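The numbers here are math on the coordinates, done by the rules we state, and not lab data. Computed from a prediction, not measured in an experiment: that's the story for all the values here. Positions of Cβ are backbone-derived with ideal geometry, glycine not excepted, and every protein chain shown enters the neighbour counts.
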Amino acid sequence: MKKHISFLLLLFWTFAFGDSVTDSLEVLIQSEKGLKRIEARLEKAFRARISNFHIAKKEVQEALKEIKKLSDPGELEARAYYYLGSAYYYHSQTDSAIYYFRLTEEIAIRNNYYRILGNVYQLSGALYNSYYGDQVRAIEYYNKSIHFSLLADNQRALGAVYSDLSNLLRSNGAYEKALEYIFRARDSYRKADFLEGEAWVLYLIGVLYGNTGLYEEARDSYLESLEIYRELAKKDGIMGGVAICLDQLASVSLKLKNTAAAREYNREAQELHRQGDSRFGMSTSLKYLADIEYADGNYNEALQVLDRALNIKKAINNITGFASVYELYGMILSAKKEYGRALDSLKIGLEYAQRNNQLRHMADISGHLSAIYYLLEDYHSAYNLKSRQVAISDSIYSTATTRKLLQSETLLQIESQEKQIRELEQENRLRELSLNRETVIRRYMTGIIMLSLIILGMFIYMYFMTRKTNRELLESKKHVDSLNATKDKFFSIIAHDLRSPFNSILGLSSLLLQRQRIMDPDDREKLTAAINESAQNSFRLLDSLLEWARTQSGAIPFDPRQISLKENANEVIRLLTPQANEKNIVLEFLADDILLNADKNMLHTILRNLISNAIKYSYSGDKVSIGAEEKEGQVWIRVHDTGIGIPEAAQRDLFSISDSYRIAGTAGEKGSGLGLVICKEFVEKHGGSIGLESVPGKGTTFYFSIKKA
């Protein structure tokens with residue numbers, strides 16, 4: 001008994017006074033036997049897994065020798081393999097890490113060790129993302145980690161997964177979603193009372209600030225994180241968190257033009273990586289040092305340092321780090337005017353970025369290549385690469401990886417619901433056991449009948465409750481999917497469709513400004529026309545966005561009055577006649593005058609959108625006709641064209657903002673799809689309905705109803 005109490009007191013002393021952790025554990029290892037010594041060895045290995053690979057490996061191997069002698073080694077053996085795999089992971093020996101992670105998984109699945117599974121799947125996902133650039137497989141492991149961490153209420157593992165997902169989203173340019181996952185990580189770490197998690201969240205926020213150009217905010221966030229990591233290091237001696245903060249402070253100081261501070265942060269970071277034998281960290285610090293030398297114009301020194309960084313990354317197979325290294329090679333060689341070598345390096349970097357789906361690097365490298373081809377007067381290649389840069393930037397938010405990540409939210413809801421169902425099942429099993437004990441004092445036949453009735457009632461109850469839960473879950477999922485689709489579509493329009501024309505305007509106007517004196521008049525006229533077309537597209541899209549936003553906020557007044565259909569239709573026809581004339585299309589109103597009870601502005605908007613769409617998708621020489629007929633107190637108005645038509649599969653969701661069907665007009669005109677959404681809103685505001693009939697290749701008729709005056 002005294003030995004047991006002394007063991008607990010020694011463990012308390014170990015955790016309360018971090019400076020003597022290693023010595024205290026060593027005392028336990030030397031003085032205790034059996035389970036107590038095994039636990040001490042594993043704890044020592046866990047604490048050393050990041051800072052000292054050799055100690056971690058030695059203690060796990062010694063612990064395993066003793067674990068093998070136990071009659072039931074299960075959980076201890078799984079933990080030992082997990083700690084050993086972790087040590088290999090943190091020291092960039094990925095093949096060995098994967099081997100021991102799989103051993104851990106095999107034991108943990110067999111024995112339902114959910115907490116260990118949550119931990120090992122999180123590190124497996126991080127390994128495949130960081131070292132192999134396999135984001136899809138990484139997400140599969142992250143989803144498994146979320147599943148088992150929820151079952152075990154393992155908040156630390158959940159925090160780690162959410163922070164990893166945030167990093168993955170950030171690398172794909174989905175900054176808003178990345179920030180959301182950072183806050184999820186923070187909530188999980190706070191539930192676990194895990195201070196190191198708070199420091200990690202501050203670090204990730206700094207990275208996000210840096211990626212979006214808010215360098216002063218990034219610096220402040222890194223400094224807050226660094227302060228916490230330094231305090232933690234005083235207790236446990238682990239300097240990894242300090243080192244990564246110093247690396248980022250060096251990078252952001254360089255962005256703020258403070259190279260002296262950048263060099264000092266970088267020097268300290270290198271020293272810590274050297275002490276911790278972190279090859280991954282050292283390769284990162286050397287890459288940042290090359291950035292500093294490049295910024296100071298020391299191109300030869302920058303190349304030498306970059307060679308060292310690349311050699312380490314190749315040695316540890318850090319594939320995801322190759323793109324940024326070769327990108328910097330290209331920038332340095334371009335500055336030295338060695339354009340041939342610069343192009344070669346950038347193309348290698350682009351190949352790695354494409355292989356690893358690093359869209360942000362793909363966009364940046366395409367921009368550097370475009371700049372070099374422009375200097376070499378290869379304007380065709382420069383223009384193509386600049387266009388590719390814009391296209392990649394526009395596509396970042398809608399990548400397949402990002403969409404797969406968004407499925408994690410649905411998984412969270414499903415797993416939460418499953419957990420509730422399991423709790424209910426457990427309560428029901430306890431109730432059943434209680435009833436079975438009562439039947440002992442009853443007569444045999446009565447007990448059998450009563451128990452049968454209770455079990456039958458319970459199964460009926462569970463059956464209907466399960467059906468109800470599944471229906472609610474399905475409805476909730478549909479609602480969440482609809483909201484997500486609407487939100488994603490709206491942000492996609494703002495982030496992509498609205499930005500893309502401005503990118504074209506900026507790029508083309510910059511080219512015009514630089515080349516106007518030597519440019520042929522025909523080329524100058526073409527560029528000017530292209531700029532004008534992009535500006536008009538931007539204005540039309542912005543006007544549609546503002547009008548749709550006003551409908552959602554209820555800012556548009558609804559004032560129905562008695563108005564003339566013919567008069568309003570002719571006003572719209574006069575407005576759109578120039579657009580129709582450009583395509584040699586005839587607009588005609590083919591109905592008698594009818595008085596409507598409608599809001600004039602809204603009716604004008606509905607007709608303008610429908611007739612404009614008809615012009616857009618009609619061919620030269622076609623006709624667009626507007627007709628109307630009265631039916632049961634309603635006036636049904638039709639806009640008919642003989643253009644390209646709409647496929648049947650796309651017609652169902654055409655009036656939804658989440659609809660992804662968009663096609664250019666017969667003259668290449670573009671649209672956002674908001675016009676039809678606004679039409680539906682305004683028609684329903686009048687108490688009417690809207691629909692269409694279309695045959696691909698033969699034309700389309702849109703129709704809607706308004707009350708007769």
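For the range 316-389, applying the loop criterion from DSSP together with a ceiling of 11 other beta carbons within 10 Å to the GluC sites (Glu not before Pro) yields GLU377. Given a Förster radius of 41 Å and the C-beta distance between ASP593 and ALA649 as r, what FRET efficiency does 1/(1 + (r/R0)^6) yield to the nearest 0.05? Rounded to the nearest 0.05, the efficiency is 0.60. Taken about its Cα centre, the range 105-237 carries a charge dipole of about 300 debye when Lys and Arg each add +1 at the Cβ and Asp and Glu each add -1 at the Cβ. Within the range 563-639, report the GluC sites (Glu not before Pro) that DSSP leaves as loop and that have at most 16 other Cβ atoms within 10 Å. Those that pass, being in a loop and sparsely packed, are GLU632.
Checking every one of the trypsin sites (Lys or Arg not before Pro) in the range 252-348 against DSSP loop status and a limit of 10 other Cβ atoms within 10 Å picks out LYS257, LYS337. Of the cross-linked pairs LYS68/LYS191; LYS144/LYS287; LYS44/LYS69; LYS234/LYS257; LYS234/LYS255; LYS57/LYS287, which ones have a Cα-Cα span greater than 26 Å in the structure shown? Result: LYS68/LYS191; LYS144/LYS287; LYS234/LYS257; LYS234/LYS255; LYS57/LYS287 exceed 26 Å.
What residues from the range 257-276 fall in the zone where the backbone N is under 20 Å from a label point 7 Å along the Cα-to-C-beta line of ASN298? Once the point is set 7 Å along Cα→Cβ of ASN298, 257-274 turn out to lie under 20 Å by backbone N, inside the range 257-276.
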